[in-house]
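Laboratory data are not the source of any read-out in this text; all were calculated from the coordinates shown. Worth saying up front: this structure is predicted, and the values here are computed from it rather than measured. Heads up, the Cβs are rebuilt from the backbone with ideal geometry, glycines too, and the neighbour counts pull from every protein chain shown.
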Amino acid sequence: MKRPVAVVGVGQTHHTSKRPDVNLAEMVRQAVDRALEDAALSYEDVDAIVLGKAPDALEGIMQPEQLLAGALGAHLKPIIRVHTAGSVGCTTALTAVTHVASGLYDRVLTVAFEKQSEGNAMWALSPSYAFTQPMVAGAGGFFAPYCRAYIMRSGAPSHIGAVVAANARENAGRNEYAHLRDPMSVQDVLNSPMLWDPIRFLESCPSSDGAIALVLSSEELAKKGPRKPAWIKAGATFTEPMYVPGRDQVSPLAGRTCAKFVYEKAGIKNPWKEIQVAEFYVPFSWYEPMWLENLGFAELNEGWKVVDRGDQKFGRHLPVNPSGGVLNTNPIGASGMLRFGEAALQVMGRAGEHQVGGVKTALGHAYGGGAQYFSIAILSTEL
């Protein structure tokens with residue numbers, strides 16, 4: 001990056017299945033107001049706005065950036081919209097980062113959201129196109145074969161997904177903003193209905209209404225702020241075609257390449273030793289061991305062993321998704337930015353009850369489409 005960029009403000013709504021108390025603009029405004037308050041700034045201090053959300057079909061609102069311009073305080077200010085499927089939240093944040101790093105703007109507001117209760121995500125994610133693999137009743141039907149392939153090639157025992165889900169729910173119980181917080185055991189998960197073999201009901205993400213906003217600043221302005229910022233050491237977005245002969249759909253090349261790229265930019269040689277907390281995009285529990293391998297935290301076919309040992313639990317070597325993650329909060333368009341924002345909060349030391357001790361470096365990650373879009377950011381306490 002041409003010049004350093006920092007997160008100076010984070011704001012999010014309380015996530016839930018339905019927000020009938022607010023319309024879409026009001027819900028987004030709540031997150032934005034909280035982010036600006038967190039940064040001790042006002043709308044007048046923002047130079048530009050970068051907005052992101054998942055497919056328009058999820059809510060049936062075309063060009064939401066125009067609908068929400070007023071709520072975002074975008075009058076006479078540049079505003080753009082980003083879309084990269086499920087990874088859009090993290091991609092949107094990184095797009096905002098580049099606008100500051102380039103020198104084009106000094107302070108950018110970025111926001112992502114979803115109000116799934118006013119749409120039909122299952123329908124929107126189940127199209128049938130000629131000569132392509134159908135989604136088969138939502139994203140779970142699409143990704144279940146990849147999870148089965150991982151189990152077959154790694155030899156992972158069948159209980160691993162349930163262990164991930166139960167641990168994520170325990171983490172969510174510490175996060176006041178999480179959608180699902182009720183305790184559940186591994187046995188509860190194993191007893192829940194099978195939706196798409198090997199994915200059970202309690203190994204699947206919910207449908208959430210919610211929004212998150214971040215304020216990004218240049219080095220000069222960040223140092224003048226009232227709080228310790230989270231410095232963005234590196235970030236990147238990589239993609240690959242969904243349908244290519246020989247493509248590794250269990251551990252996609254774009255994910256591995258993206259991770260390698262950001263580690264090199266951040267000066268990280270061993271992520272397992274040098275990163276203290278990670279927020280992965282895990283909509284279905286089996287993806288946690290899969291991403292541990294894809295992102296270089298575990299060797300090939302060894303990710304499930306990290307889970308089995310409990311090394312990724314809160315208070316252990318590498319806490320993964322201490323916020324509860326996508327398995328417990330999933331406003332699709334915002335889920336990737338929540339990973340970025342939660343990583344920033346960990347670095348700032350302001351994650352509340354789910355704060356991990358001694359965090360100097362954190363990773364935020366998101367994927368989207370047919371596991372083809374990847375965005376990763378490294379955040380640090382140090383410039």
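Within the shell of other residues whose beta carbon sits under 10 angstrom from the beta carbon of ILE378, the net charge comes to +1, with Lys and Arg scored +1 and Asp and Glu -1. Plainly put, the stretch 7-80 has a radius of gyration that is 0.96 times its Kirkwood radius, both from alpha-carbon atoms, as the Rg/Rh ratio.
Between ARG227 and ASP47, what is 0.36 nm times their sequence separation minus the Cα-Cα distance? Round to one decimal in nm.
Working: separation 180, 0.36 × 180 = 64.80 nm, distance 2.02 nm.
Value of the extension gain: 62.8 nm.
Take the alpha carbon atoms of the stretch 142-238, find their radius of gyration, then divide it by 2.2 N^0.38 Å using N residues; give the quotient. Could the numbers behind the result be given before it?
On the way: Rg = 19.1 Å, N = 97, 2.2 N^0.38 = 12.5 Å.
Dividing the Cα radius of gyration by 2.2 N^0.38 Å gives 1.52.
Among the DSSP beta bridges whose two residues both lie in the chain, what percent are antiparallel, rounded to the nearest 5?
Values: 38 of 52 bridges.
Here the share of antiparallel DSSP bridges comes out near 75 percent.
Computed from the alpha carbon positions, the gyration tensor of the stretch 1-41 leads to an equivalent ellipsoid with semi-axes of 27, 11, 9 Å, biggest first. Averaging over all projection directions, the Cα-based convex hull of the stretch 322-368 occupies 3.2 nm² in the image plane.
With runs of 4+ DSSP H residues as the only contributors, calculate the mean residue ellipticity of the chain at 222 nm using -39,500 (n - 2.57) per run, divided by the residue total and rounded to the nearest 500.
Working: 13 runs with 126 residues, N = 383.
Helix-only estimate at 222 nm: -9500 deg cm²/dmol.
So what's the net charge close to ARG350: Lys and Arg +1, Asp and Glu -1, counting the other residues with Cβ under 11 Å from its Cβ? Once positives and negatives cancel, what remains is 0. Relative to the longest principal axis of the Cα atoms of the chain, helix 24-38 runs at roughly 70 degrees.
Local charge for GLY161 was computed over the other residues whose Cβ lies under 10 Å away, with Lys and Arg +1 and Asp and Glu -1, and equals -1.
For the stretch 285-371, the set of trypsin sites (Lys or Arg not before Pro) satisfying both a DSSP loop assignment and a count of at most 14 other C-beta atoms within 10 Å is given as ARG316, ARG350, LYS360.
Please sort by residue number the chymotrypsin sites (Phe, Trp or Tyr not before Pro) in the stretch 181-251 whose DSSP state is loop and whose Cβ has at most 13 other Cβ atoms within 10 Å.
Details: sites: TRP196, PHE201, TRP231, PHE238, TYR243; in loops: TYR243.
Filter output for the stretch 181-251: TYR243.
The packing ranking of peptides 27-40, 324-337, highest mean first, is 324-337, 27-40, where packing means the average number of other beta carbon atoms within 10 angstrom of each residue.
Plugging the Kirkwood radius over Cα pairs into Stokes-Einstein for the stretch 251-383, at a temperature of 20 °C and a viscosity of 1.002 mPa s, what D comes out in µm²/s? Before the final figure, lay out the partial values.
Working: Rh = 14.5 Å.
Roughly 148 µm²/s, to the nearest whole number.
Dimensions of the stretch 248-300 from C-alpha coordinates, computed as largest minus smallest value along each principal axis and given longest first, are 30, 22, 18 Å. Angle of helix 253-266 to the longest C-alpha principal axis of the chain, folded into 0 to 90 degrees and rounded to 10: 50°.
In nm², what is the average projected area of the convex hull enclosing the Cα atoms of the stretch 184-295? Dividing the Cα hull surface by four gives the mean projection, 11.0 nm².
Between helix 139-154 and the chain there is an angle of about 60 degrees, using the helix long axis and the longest principal axis of the Cα atoms. Normalise the Debye intensity by I(0) for the stretch 160-213, one equal point scatterer per Cα, no solvent, then take log10 at q = 0.28, 0.30 Å⁻¹ and round to two decimals. Debye curve over Cα of the stretch 160-213, log10 I(q)/I(0) at q = 0.28, 0.30 Å⁻¹: -1.13, -1.22.
Tell me the Kirkwood radius of the chain: reciprocal of the mean inverse pair distance over distinct alpha-carbon atoms, in Å.
On the way: mean 1/r = 0.0492 Å⁻¹.
Its Kirkwood hydrodynamic radius stands at 20.3 Å.
Cα convex hull, the stretch 24-177: 174 Å³ per residue, rounded to a whole number. Both the radius of gyration and Dmax for the stretch 213-268 are 16.7, 52 Å, in that order, over alpha-carbon atoms.
When the Cα centres of the stretch 257-319 and the stretch 351-371 are compared, how far apart do they sit, in Å? Taking the Cα centre of the stretch 351-371 as reference, the centre of the stretch 257-319 is 10 Å away.
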